[in-house]
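Okay, structure first, notes after.
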Amino acid sequence: MELDPVLLARIQFAVTIMFHYIFPPLTIGLATLMVIMEACHLKTGNKLYHDMAHFWTKMFAISFVLGVASGIVMEFQFGTNWSVYSRYVGDVFGSALAIEGIFAFFMESGFLAILVFGRNRVSSKMHLFSTFMVALGATFSATWIIIANSWQQTPAGFHLVEHGSSIRAEMVDFWAVVFNPSSMIRLGHTLVGAYINGAFFVLAVSAYYLLKNIHVEFAKKCISIALPFALFFCLLSLYTGHIQAQSVGKYQPTKLAAFEGHFKTGAADMYAWGIPNEEEKKVDYGFRIPGGLSFLMHGNFSQEVDGLDKSPQDEWPPLGITFQSYHIMIAFGMAMIGLTGLAFIFFLKGNLFQQKWLLFLFIPALILPFICNQAGWIAAEVGRQPWIVYGLLKTKDAISNVSPVLVLTSLIIFCIVYSVLFVLWLHFLGKQIKKGPESI
């Protein structure tokens, strides 16, 4: 069987970025909660809040290290597997990635050193400031990565220039690149997902402590901060997801049609689940909301929405993966809204901590935001296919002239190394959780 270098390179990039993407949402969410905890300490003088922030800083640092290491490896692939793509977008991507690396990363890592090593060496105000700068650095890092990725989805602020036999995009308007049509909308939805991820991590660990009847006051204080935080951003995700879907419908209508298996232009249904049938151009075994997609896009149930028939079939994304990942994201997102909403009702009644069954649910629910973030990324990136730069450069034309055997070999090595790193990450997190806040 002949190996396909494009497919192998895509799988390798997917493996590396999906592993990397475990960590940034978690650290962004944790850092924001750490700011709240440090602010509570400064306001009340209660040392428990300071200990809470320090405990979660340990978790942040463990995840931060893995995020940095995996991110560097991920970016190397631009030069090894995707050299044509790198030449094409280098002038545009260069500034965004440089700002992310030089400004955001060093801000985050520099102030993190104060949090990890300067606990008893700086004032409470300096601790709060350092925590805020870590959170700001993490957010800035995400901002520039999202800007670069969004440019691939909705290119702006550039012109095409011929260089010998090749063509490359050159930036002509920096701010048009930064504020390309999808960047701020995608950034908002990504950050909301990160805040939810951090909150569910805190809720899961705190619920574990309560069920074990250890570190009880610590766990209750953590839940009192993380639960309303989680509920707020779970609800906000409905809005950010809605406006992002509208943006996709406007600028990438083929992707939106793939999300919902909308084959024929006209009034569009929305599906809760189903299996898109590309041959018969319908969704099998689907539960549909008549006119639901039309309502989502235009506010009424009968207005026309572009279908897949508006694009040549060779420009359709892989429908199965795109459809299912999009619906997994929505289904698990709704599950998180239900869980946090129910818990918040008990919290307001004052008897949440007596609901052992509900606390138990928060432990396996830890996986939900990770799955939602991964599924959302898959839907966005696979849904863009066959384009690597939407409407300009196809993925198959962006590959390096590299042996598929070499790509397969490096893919296998990556999978082995990342599996080991993932196990080590879980080991050190588990070890820290078992020690608990009182052992710091």
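The values are calculated or read from the model by the stated rules, or taken from the named source; none is laboratory data. All values reported here derive from a predicted model rather than from experimental measurement. Here the Cβ is made from the backbone with ideal geometry for all residues, glycine too, and neighbour counts use every protein chain on show.
Please tell me if residue 263 is at pLDDT 95 or above and either more than 30 Å from residue 58 (Cβ to Cβ) or of a type in the set (A, V, I, L, M, F, W, C) (or both).
Spelling it out, it is not the case that residue 263 is at pLDDT 95 or above and either more than 30 Å from residue 58 (Cβ to Cβ) or of a type in the set (A, V, I, L, M, F, W, C) (or both).
Restricting the search to the stretch 15-63, which residues are without any contact (Cβ under 8 Å) to a residue 12 or more places away in the chain and either in a helix (DSSP H, G or I) or small (Gly, Ala, Ser) (or both)?
Hits for the stretch 15-63 are 43, 44, 45, 47.
Taking residue 419, is it surrounded by fewer than 17 Cβ atoms within 10 Å (Cβ to Cβ), among the polar types (S, T, N, Q) and either out of contact with any helix residue (DSSP H, G or I) (no Cβ under 9 Å at 6 or more places or on another chain) or part of a helix (DSSP H, G or I) (or both)?
For residue 419, the condition - surrounded by fewer than 17 Cβ atoms within 10 Å (Cβ to Cβ), among the polar types (S, T, N, Q) and either out of contact with any helix residue (DSSP H, G or I) (no Cβ under 9 Å at 6 or more places or on another chain) or part of a helix (DSSP H, G or I) (or both) - is met.
What number goes with the only condition from (1) buried (at least 21 other Cβ atoms within 10 Å of the Cβ); (2) modelled with pLDDT under 85; (3) farther than 28 Å from residue 133 by Cβ that residue 9 does not pass?
Unmet condition: (2).
State whether the residues of the stretch 360-367 include one that is part of a helix (DSSP H, G or I) and farther than 23 Å from residue 194 by Cα.
No, the stretch 360-367 contains no residue that is part of a helix (DSSP H, G or I) and farther than 23 Å from residue 194 by Cα.
Kindly list the number of the only condition in (1) outside any helix (DSSP H, G or I); (2) over 13 Å from residue 12 (Cα atoms) that fails for residue 399.
The single condition residue 399 does not satisfy is (2).
Return the residues of the stretch 207-224 that are out of contact with any Ser or Thr (no Cβ under 9 Å at 6 or more places or on another chain), in contact (Cβ under 8 Å) with a residue 40 or more places away in the chain and assigned to a helix (DSSP H, G or I); say none if nothing qualifies.
207, 208, 209, 210, 211, 217, 224 - these are the residues of the stretch 207-224 that are out of contact with any Ser or Thr (no Cβ under 9 Å at 6 or more places or on another chain), in contact (Cβ under 8 Å) with a residue 40 or more places away in the chain and assigned to a helix (DSSP H, G or I).
Every residue in the stretch 144-154 that is over 23 Å from residue 26 (Cβ atoms) and surrounded by fewer than 23 Cβ atoms within 10 Å (Cβ to Cβ), please.
Within the stretch 144-154, 152, 154 meet the criteria.
Mind telling me which of the residues 182, 141 ends up being more than 20 Å from residue 78 (Cβ to Cβ), touching a Phe, Trp or Tyr at 6+ places or on another chain (Cβ under 7 Å) and either of a type in the set (S, T, N, Q) or surrounded by fewer than 16 Cβ atoms within 10 Å (Cβ to Cβ) (or both)?
After ruling out the rest, the residue left standing is 182.
Considering each of 229, 233, 259, 263 in turn, give the residue that is outside any helix (DSSP H, G or I) and either buried (at least 21 other Cβ atoms within 10 Å of the Cβ) or aromatic (Phe, Trp, Tyr) (or both).
None of the other options fit; the residue is 263.
Cβ-Cβ distance below 9 Å, separation of 6 or more or different chains: which pairs start in the stretch 313-327 with a residue that is at negative phi and end on one that is basic (Lys, Arg) and surrounded by fewer than 19 Cβ atoms within 10 Å (Cβ to Cβ)?
Sorted first by the residue in the stretch 313-327, then by its partner, the pairs are 315/394.
So, in the stretch 318-348, exactly how many residues are under 19 Å from residue 367 (Cβ atoms) and not in a helix (DSSP H, G or I)?
Selection size over the stretch 318-348: 0.
The conditions are (1) more than 15 Å from residue 12 (Cα to Cα); (2) assigned to a helix (DSSP H, G or I), and residue 384 fails exactly one of them. Which is it?
Tallying (1) more than 15 Å from residue 12 (Cα to Cα); (2) assigned to a helix (DSSP H, G or I), residue 384 fails exactly one: (2).
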